Each structure stands twice: as structure tokens, then as C-alpha cells.
Amino acid sequence: QRPILRLLSCPGTVAEDLRRDERPSGSVETGFEDKIPKKRFSEMQNERREQAQRTVLIRCPEKFSENKFLKYLSQHGPINNHFFYESFGLYAVVEFCQKESVVSLQNGTHTPSMAMETAIPFRSRFLSLKLKNQTSERSCIQSSDQLPPSNRKLFELLCYAESIDDQLNTLLKEFQLTEENTKLRYLTCSLIEDIAAAYFPDCIVRPFGSSVNTFGKLGCDLDMFLDLDETRNLSTHKTSGNFLTEFQVKNVPSERIATQKILSVIGECLDHFGPGCVGVQKILNARCPLVRFSHQASGFQCDLTTNNRIALTSSELLYIYGTLDSRVRALVFGIRCWARAHSLTSSIPGAWITNFSLTMMVIFFLQRRSPPILPTLDSLKTLADAEDKCIIEGNNCTFVRDLNRIKPSGNTEALELLLKEFFEYFGNFAFNKNSINIRQGREQNKPDSSPLYIQNPFETSLNISKNVSQSQLQKFVDLAQESAWILQQEDTDRPSVSSHQPWGLAAILLPSVPNRRSLTKKKRKRSANERVKNLLESLKSNRTANFTETNEK
Ligand code: GTP
Ligand code: MG
């Protein structure tokens, strides 16, 4: 048995943070580490899903012995790994080596008998650990953090970084999904799949969106796709002779109505029988019908959709872009945090830019560099082979799936330059006449008068940012120009830490205040002691107050 994977429960000290900053930039530990050869999206998804099927989620009492707990579970078979986390109570995620161990554990598990209420029996993989006799054993169980650092801590880290490149890499490292958080996301999908399987035994519930596209931040929602293709395709098995059999099914007038009916019944199931599923809302009249609910034990806000395969394909495309070059994720995280800090994005739907659109803008910008940092979607299509061919609802979604066949970029531009130029590029972009298009990687005339037009990469007649209003776009442009200006000023006159001025990324994450910067001529390099003293002083003041209110969700 391996020990707990990663421990983040202790608030970091400034000294620790300084040590952290001594790491060479670029040595960022990622949830999706750069491995050679790089894994295909489908391989990664299948491996994670299989892991999740061997895993159980256990609500634990306050006091118990970790060793005895593991020994007790090991009666059912060897444990591959485990970790604990807190979410209004202590939970354990335990991955067995074999699936059979889960069945054996379930066979020894009881349905609780209640004094006042009645339990609806349901054998899931979400269990509670009960002690027959209370123990006074104080086990110091260390739990893995499932939330991003506080803004105060992040602010400290950013101020102590050595360069803007370092700041962007620090931001990425602090916000990206951890290994444990990723496991918990796949486990949650697997638990929901067990419930949906009551109706559709061959269904698969797959995570998509930022949980898997390499751009997820700790705390982001969990997008789930109920995949019924196996159920649909069972009848395609070859039969001999002149006969074939078909299932008798109910017919409905459209795909949309079928989707609504399926989601409606799954929504009911989650509401009535889903352990830990609360606040179930059926949003069936949306453009893309969905069931929204909170999975209390994992703390995830979940959006379940079906008949949404293009979104899964978009996630795969973003996974490829995010994995190709280490600068992509760092820049996307920086821009997403910047947009959130200035309320350009929101967790509430509305006329604002979405994270998905922002990511497309960063990809487009990186395709426009010379030489390009990212290839166009059309060139990824050219590299595709026969097994990559994919048509969804008449849309050509073909592109190369094997990352190792894509040539790395020869562009060596630093993140600092890219961040600055991103703001300059979009601060001066002719949004009134041009559209953004990652398929061709060049600007095109807008086909309609939407303020912001970003072509949907697969459904090419659609605009993914149709919802964005002129005033929200203007706000984006103004802030991009202001941020470009701030970063430009720092080129000639970077403020010293002793001037109590946030610099670089920290400066552009602060809400706009006219003339907030009184630039000084002092040099940044100084002794660590002086920096610590000054930073602590500045943190005591209110300078970070606004910054600390910008955390996502
Ligand atoms: P977060 O803000 O971190 O949740 O990012 P996200 O990428 O997960 O976005 P969101 O949860 O809003 O949407 C999930 C996925 O649905 C995205 O990754 C896209 O694949 C897809 N999607 C979202 N919005 C649109 C849209 O306007 N058009 C299309 N075609 N797909 C979208
Ligand atoms: Mg999402």
C-alpha cells in the first residue's frame, strides 16, 4: 500500500513559498505530466474509468485508526492507493487492485436501518464507515486539498516569483487539478454511471469539459456525458442468413425529445435514489438539455447531458492543444484567472465571455505567432489517418488523435512576451469586422453582426460566443488594453517589492483603479529577508482586499 499521495493540509509559510520559487521555471508538476510518448485522450479516459470502477468512496467517522481501517478493507483484496479529503466531513477514496474486491466489500455491507425514516435500498460504491465501539484513538489523518489556494496566498506567491514566466507557472501549479481531484472526478462519474445503468445497463458516463481538457481549475464544475452508444449499437452485430432482429422501442418525433425523456428519467433517479445527489434540477428546455445537481460528498457541481458528443470531441481537441506545448496551459490559466478577477467571466450564464471562448482566443492567438506555437485544426485534420475519421451529426470532426504525430513548434517565445502580446493583440483586434477561427488559424469576415464571433470548430456555421454583448466585449477590450499598458510600463520600470506594489501578473489581476501605480526606479533584486519583511507589511495593509474577493465559484 502506498502512502497518501499528496498532502496539502498545512497552510504554507512564506519561507516555504520562497523555496518553492527557487525551482527553475518550467519545472511545473502537472496533473497531466509531460510523458513521452504522450497518451491519447481515449486511452487516458479508458484507464481512468477502469481505475474508478475499482474504487469506493467511504464517509469516515471523526476518530478512527487509519491502519486498522486499511487492514479491514484489505480483507477484500489488495489496495492500490487511497487518500482522504474533507468536504463537510472526512471521506476516503480507496482504489482496490481488482474489481472483485469492491463486490466482496459490497457483499459485506449493510443497508442502514433507521429509527424515524425509511432507507430506500441501493447498493452503490458510496459507503459509510461505522465503528461498533467508539474509539478514542486519535489518528492524524492528513487530507488532500480539493480547493485552490486562497487569494492571499496566491498573491504572496506571485509577488515573490522571479519573473512573469515564473508567475504564470506558479498560477498553473496552484490552480490545476491535482491527481486526487482528477480521480475524484472520474469516481463521481462512475458512481453516477451505476445509477444510470439501472435503466441503461450499457451506458457510460464520461467526464468532459475542463475536468479533462487540461484547462480545469480546482473548484470547476464537473461536466458529464451520458453515452448511450453501446446501447444503440448492440443490434449492429453481424447475423447470418436472411434474418435479423430489432428491439421493439418507443418512438418520439425528434432526437431532442428523446434526449429530454432520457434526462428526465435519469434526473428523477438521481433525485430519488442517488446517494449524495442533492439539488437536482432538470433543465430540459435549454439549447443543450441537462440535469444539474450537486454531488455533496465530492463537492462537485455536476452538469449531466446526453447526445452531446461534439462537446466531448471539443474536449479531446482542447486536450491535444493543452498537451502539445507547456506554454499553452500556463497562458490559458493566466488569462482565465485574469478574466475572472475582473468579472469578465461568471459562474452564472449571461452576456459574458465563457472560459471555453477565452481558451479558443488563446489557441487562435498562439496559431497566429510566427512561427506558430499551435497548429490549425485544418492541419490536424491533414495529419489524421483512417481510424481518426469521425463524422458527428453530419459535421466533420476528423483530426489526428495521436499526439506523437504532431511536430513540436520551433517557436521559443517566453510566456512573459506571449502574455503581453495577447493583451495587445486582442486590445487592438478588429472585432467589428473579423471573426476568430481556429480551424484555419486566420481572421475572417464576420458572417453576422454578433459583437464577438468565434467560429464553433466543428459546427462551423455556429458562433460559440453568440451570447456576448457589445458592452461585455468592450469591457474585455478596455481591460486587455489596460493590462498591456501595465505590463509595458513594467518593462522599463518594474516596481520593487519594497514599494508594496504588486507587479507583473499580480498587478494585472487587481481590479482597475486609475493611476493606481506609482512606479519607482528601484531595482527588484534584494535580499530575501528584506523581501519577506516588506511583503508581510504589505499583506497587513488593505492592498490585497479586492484581490481576495476574486476567487472562482
Ligand atoms: P469551466 O468554465 O471551467 O467549466 O470550463 P468548461 O470548458 O468546462 O466549460 P463549460 O462547463 O461551460 O462547458 C463544458 C464544455 O461544453 C466545454 O468544454 C465545451 O466543450 C462545451 N461548450 C461550452 N460552451 C459551448 C458553446 O457555446 N458551444 C459549444 N459548441 N460548446 C460549448
Ligand atoms: Mg465545465
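The values are calculated or read from the model by the stated rules, or taken from the named source; none is laboratory data. None of the values given here were measured: they were computed from a predicted structure. Backbone-built Cβ (ideal geometry, glycine too); neighbour counts: all protein chains shown. Keep in mind that these areas ignore ligands, DNA and RNA; they rest on the heavy atoms of the full protein, side chains included. Shrake-Rupley method; radii C 1.70, N 1.55, O 1.52, S 1.80 Å.
Do you know which residues across region 203-252 are in a loop (DSSP other than H, G, I, E, B), away from ligand 1 (no atom under 16 Å from the Cβ) and surrounded by 15 or more Cβ atoms within 10 Å (Cβ to Cβ)?
Answer for region 203-252, where residues must be in a loop (DSSP other than H, G, I, E, B), away from ligand 1 (no atom under 16 Å from the Cβ) and surrounded by 15 or more Cβ atoms within 10 Å (Cβ to Cβ): C203, L228.
So for region 133-150 (the condition being in a loop (DSSP other than H, G, I, E, B), in contact (Cβ under 8 Å) with a residue 12 or more places away in the chain, under 30 Å from L228 (Cβ atoms) and open to solvent by less than 20 Å² (accessible area, probe 1.4 Å)), does at least one residue qualify?
No, the conditions are met nowhere in region 133-150.
Return the residue satisfying two criteria in turn: it lies in region 305-333 and is of a type outside the set (G, A, S) and closer than 30 Å to F84 by Cβ, and of such residues it is farthest from ligand 1 (Cβ to nearest atom).
Once the filter is applied, the top-ranked residue is T323.
Which residues, taken from region 354-408, are within 16 Å of ligand 1 (Cβ to nearest atom), surrounded by fewer than 16 Cβ atoms within 10 Å (Cβ to Cβ) and of a type in the set (V, I, T)?
I392
Only residues that are more than 16 Å from ligand 2 (Cβ to nearest atom) and among the β-branched types (V, I, T): list them for region 450-465, please.
Those that are more than 16 Å from ligand 2 (Cβ to nearest atom) and among the β-branched types (V, I, T): I454, T460.
Of all residues in region 336-353 being assigned to a loop (DSSP other than H, G, I, E, B), more than 9 Å from ligand 1 (Cβ to nearest atom) and of a type outside the set (A, V, I, L, M, F, W, C), which is most open to solvent (accessible area, probe 1.4 Å)?
Out of the qualifying residues, it is S343.
Name the pairs: first residue in region 459-472 and touching a residue at least 24 places away in the same chain (Cβ under 8 Å), second residue within 16 Å of ligand 2 (Cβ to nearest atom) and part of a loop (DSSP other than H, G, I, E, B), Cβ to Cβ under 7 Å, at least 6 apart or on different chains?
S465/I353; V468/W352; V468/I353; Q472/W352; Q472/I353
Looking only at region 231-238, decide whether some residue is more than 27 Å from Q260 (Cα to Cα), more than 19 Å from the chain's Cα centre (by Cα) and more than 16 Å from ligand 2 (Cβ to nearest atom).
There is at least one residue in region 231-238 that is more than 27 Å from Q260 (Cα to Cα), more than 19 Å from the chain's Cα centre (by Cα) and more than 16 Å from ligand 2 (Cβ to nearest atom).
Among the residues of region 398-413, is any more than 23 Å from the chain's Cα centre (by Cα) and among the acidic types (D, E)?
The answer is yes; a qualifying residue exists.
With the condition kept exactly as written, say whether any residue in region 127-135 is over 23 Å from K39 (Cβ atoms), out of contact with any strand residue (DSSP E or B) (no Cβ under 8 Å at 6 or more places or on another chain) and within 16 Å of ligand 2 (Cβ to nearest atom).
No, because not a single residue in region 127-135 is over 23 Å from K39 (Cβ atoms), out of contact with any strand residue (DSSP E or B) (no Cβ under 8 Å at 6 or more places or on another chain) and within 16 Å of ligand 2 (Cβ to nearest atom).
Among the residues of region 354-384, how many are away from ligand 2 (no atom under 16 Å from the Cβ) and outside any loop (DSSP other than H, G, I, E, B)?
Going through region 354-384 one residue at a time, the tally reaches 13.
Per-residue answers, yes or no, for (1) open to solvent by less than 20 Å² (accessible area, probe 1.4 Å); (2) modelled with pLDDT of 95 or more:
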| position | (1), (2) |
| --- | --- |
| Q455 | no, yes |
| S471 | no, yes |
| S483 | yes, yes |
| R494 | no, no |
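Given the residues V332, V280, which is the only one that is open to solvent by less than 50 Å² (accessible area, probe 1.4 Å) and either part of a strand (DSSP E or B) or not hydrophobic (A, V, I, L, M, F, W, C) (or both)?
Answer to the selection: V280.
Within the set of pairs 6+ apart or on separate chains, which have a first residue in region 408-423 that is within 17 Å of Q489 (Cβ to Cβ), a second that is in a loop (DSSP other than H, G, I, E, B) and small (G, A, S), and C-beta atoms under 7 Å apart?
Every condition considered, the pairs that remain are E416/S163.
If you check every pair at least six apart or on different chains, which have Cβ atoms under 7 Å apart with a residue in region 341-358 that is farther than 16 Å from I454 by Cα first and a residue that is within 15 Å of ligand 2 (Cβ to nearest atom) and at pLDDT below 95 second?
Between residues of region 341-358 that are farther than 16 Å from I454 by Cα and residues that are within 15 Å of ligand 2 (Cβ to nearest atom) and at pLDDT below 95, the close pairs are S347/K553.
Within the bounds of region 289-304, is there any residue that is more than 16 Å from ligand 1 (Cβ to nearest atom), within 24 Å of V93 (Cα to Cα) and either open to solvent by less than 10 Å² (accessible area, probe 1.4 Å) or among the hydrophobic types (A, V, I, L, M, F, W, C) (or both)?
Looking through region 289-304, at least one residue is more than 16 Å from ligand 1 (Cβ to nearest atom), within 24 Å of V93 (Cα to Cα) and either open to solvent by less than 10 Å² (accessible area, probe 1.4 Å) or among the hydrophobic types (A, V, I, L, M, F, W, C) (or both).
Given F122, F96, which one is modelled with pLDDT of 90 or more and either surrounded by 13 or more Cβ atoms within 10 Å (Cβ to Cβ) or in contact with a Gly (Cβ under 6 Å, 6 or more places away or on another chain) (or both)?
The conditions single out F96.
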